Structures are given as structure tokens and as C-alpha cells.
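One structure is given here, and the rest of the page talks about it.
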Amino acid sequence: MLKVKSGDIEKLGLLYERYKKRLFSFFFQMNHNAAISEDLVQNVFIKILKYKDTYTDERKFLAWIFQIARNLSYDNFNKSKNKQNNIDLEKITYKIDSINNFEEKFATKEDVTTLKIAMQKLTFEEREILTLSKLKELKYSEIGEIIGCSEGSARIRAHRALNKLKIIFFKLEKR
Amino acid sequence: MDIKEYKELMMDYVTGKLNEEKRVEFEHFINTNPESLKEIDHLRSIWKTTDELDSPEPSIKMDEKFYSFLDSERATKRNPSIIKYVKSLLIFPDLNAISGKLTYGVIVLFIGMFLGNKIDSNIFNGIQNSENHNSEVEEVRSQLVLALLEQPSANKRLQAVDEANKLVEVEEIVINALFKTLNNDPNTNVRLATVESLSNYVNLPTVREGLVKSIIKQKSPLVQIALADLMVAIDEKKSIDSFKQLLNKKEVNETAKQKISQSIQYLL
């Protein structure tokens, strides 16, 4: 990236090859639209060139590129005004503790389908933090930096989002 | 580890972000605390299942769009607008303060300096930079070839082979990918195009060797004939044994067998 910053834009091709799949996957998990996700990946690299001077080697490149991606994803979300099926957790009376064979519950294709639906019922921010948490190279301090909160807050948000996903999943399963 | 630290680190553990030392410490804690172990198991199970939430592969259009964007950026960078340079000189902040003839004098001086610098850089630096530039283009093109060869569409794979033909110095990884295509691609046209592409690098011993090894793997008479022609053209006598093995195969087409026999005669 530092070479791109110094004007060697050919290196952008290498960055693209290295990060395109992870970026596409991030966008797709957020909007479930392959065409839009591809456009957003393209926009990430346009922004990289535009803001290359703001990058310093003190920052981890993955965190920087995902901060750009996150902002694009957020803008896209606001534009499309997708209907969010936010669930009021207080209305969910189902008790997770009553499940005995928890691990066995997550085994079938049907469960994966249910989980996909459950993911879509999370808020944008919840889905976002879980998707970012998937990137093993990113520490919570960096995820916090990407989404604009402290490291501790990022961990708490991720924990809450995962718990909520779990609860929604079992609510859907029960139906 | 206490309960506070456990709470802090639980998401790092579940998402695989803990280092080895902390992970061992964390596991020791949960193994001695059944309630925590249960909680972690629940989170870990659902987290593991989210791995199944796969995304489709991005289409080749995304690559095409990106590389055309990169090309246009490259072109813009190579040919900066002279008008922009002049304009940038004209908006020199102190220029308005300078009056009449002096203003024009300064402008002419700057334009002269700019043009002199421009000509100098075009003639001297340009030559120096072109070598670096070319190697970067080669690198990006190699990446494009590798990406396109993996595409499910035969047209895209043909495009990859076409791009490979534009490479001046081919990397080993590209050669290997081309051989993988020659030996395994389900499409005959792609394999034929690959033979042609690899014929550009027959000066490399590894390519000659790879082509010889590939003869016996080919099932299409068209590819067999193309390889026979190529081996004759480069006078590769090591291919004779492979062709003889091919002749012994019942399934080989008669026309191909005739061509192969002729080629063996030429090579002997």
C-alpha cells in the first residue's frame, strides 16, 4: 500500500487480487446482493486511490481497507433503506437454557438456512460486527477502530450480537 | 484468570483471535468452571455454524471492471494534462499581487521551466521509468491470467490464455497454471489455445519437458495433432516415446495416429 501511496498504482492490482474475495464476502453478507457487492468492491479501490495519502504504515492495512468498506456498506445501506426486521428481544420468551442438545441442533442444512434468516433479522450494526469478527486477522481493537468504538465496546457488541443471533435462531426453529 | 478477564476474552476465544498462551489459560479456566464451559460451547456452536454462511464467488465482470479502471488510472497518470499544469501555475497565490508585464514574465518563465522539465523528464526519466513500469504491468497481467484461468466460463479461460500470450517474461506460476489447463481443462479450444500459448516459451527446458509429458494425457485428436506439429517444429526428439505410447492406445483417432506417425518419422 505504501508503494501505491508513493504513486506506484500498478501495485493496486496486487492489493485487489489479495483482498477482493474478502471484501466481496463482507459486502455480500451485509446486503445479499452480488451485483451491488461487486460495485462496492470496485468503489473500495477507487477510494483507496483517492485517500491513499491518509494511509500510514502505522496502521494495519486490513483495518484501513475495511474501514473504507464499512463506510461504503453503511452508505449503501442508508441509500437502499432496506427494511430491517428488528426483533424486540424482550418479547422473546424462549429460554435458551432449556435446550439440551445444543450442538446437535446446528448440524443440518435446514439449520444453516434458518441461521441465514436469523442473520438477516439482526440489525445492520449487529450483522456488521459479526461479519468483521469473522476476519481472524482483525483484533477487536481494530474492529473498534473500523466501526468507531473502543476495543471493549466492540467485544461487548459482538457478544450481544452473537447472543441475539442464537436467540433468534432458536425462536425460528421453534416455529 | 478471573471471571472479569473471562468475560473480556470470551469473544476472542470463540472467534479464534486469542494467542496460544491466552488460549491455554482460557481453556484451563472454562474446564474448571462448568457454567462458563456451557456458555462458551453454546456460543462456539453457533459461531461455527456461521462458517456455513458462504458467499458466492464474485463474477469475472468485477475483475474486468477493476482492471479497466486501473488501465484508465494508469493512462491518466502517464499523460497528465498540460492545461492543468498551466492552470495550476496561473493560480499561483502571489501572482495577483504582481502587476502588468511582470505577471506575464513570471507566467512565461514558469511555462518555460515546466516545458523544459517536461521534455527532460520525457526523454530521460521516461526511459528510466519505462522498465519499472513494464515489470509492474507484467505482474498485474500475470495475476489476471491466473484469475481468469480459474473461471468456470471457457471464454474467460480463453481470454486468460490470450492475456498470457502478451506476457514478455512469464513467471513459473503462470507456466504451471497453463500446464494445469492443458492437462485438465474440459474444453478442447482452451487446451488448443494453451498449446499455442506455451509454444511461445519453448526456449525454456521446463516448458519443453512439460509439453512432452502432456502428450500422453491428451484425449482430443485436435490437441494431439497440435502437439505433434509443435514437437516437429521445435525438433523435440524426447517426444518420440510419448507419441509411440499414444499410438498404442486403441482410443486414439485414426487421423491423429497418421499425423503422429508422420511426426515420429520427421523427428527420427
(message) Sequence gap at least 6, Cα distance under 8 Å: using those rules, report the relative contact order of segment B:168-267 to the nearest whole percent.
(response) 24 percent
(request) Starting from the Cα-Cα distance between B:Ile173 and B:Lys7, subtract it from 0.36 nm times their residue separation and give me the gain in nm to one decimal. (result) 55.1 nm
(request) With a 10 Å radius around each residue's Cβ, average the other Cβ atoms per peptide and rank B:157-163, A:25-31, B:44-50, highest first. (result) A:25-31, B:157-163, B:44-50
(message) On a 21 Å Cα-Cα criterion, which of the cross-link pairs B:Lys217/B:Lys238; B:Lys213/B:Lys249; B:Lys61/B:Lys180; B:Lys217/B:Lys249; A:Lys60/A:Lys164 come out too long?
(response) B:Lys61/B:Lys180; A:Lys60/A:Lys164
(request) Net charge near A:Gly144: determine it from the other residues with C-beta under 14 Å of the C-beta of A:Gly144, scoring Lys and Arg +1 and Asp and Glu -1. (result) 0
(request) Would you tell me the mean number of C-beta atoms belonging to other protein chains that fall within 10 Å of each C-beta in A:44-55, as a whole number? (result) 1
(message) Taking R0 as 51 Å, what FRET efficiency do you get between A:Glu173 and B:Thr206 from their Cβ-Cβ distance, rounded to the nearest 0.05?
(response) 0.35
(message) Quick check on packing: order B:14-27, B:247-260 by the mean number of other C-beta atoms within 10 Å, highest mean leading.
(response) B:14-27, B:247-260
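Values in this text are rule-based calculations from the coordinates and carry no lab data. None of these values were measured; they are calculated from a predicted model. FYI the Cβ positions are ideal-geometry reconstructions off the backbone, even for glycines, and counts take in every protein chain you see.
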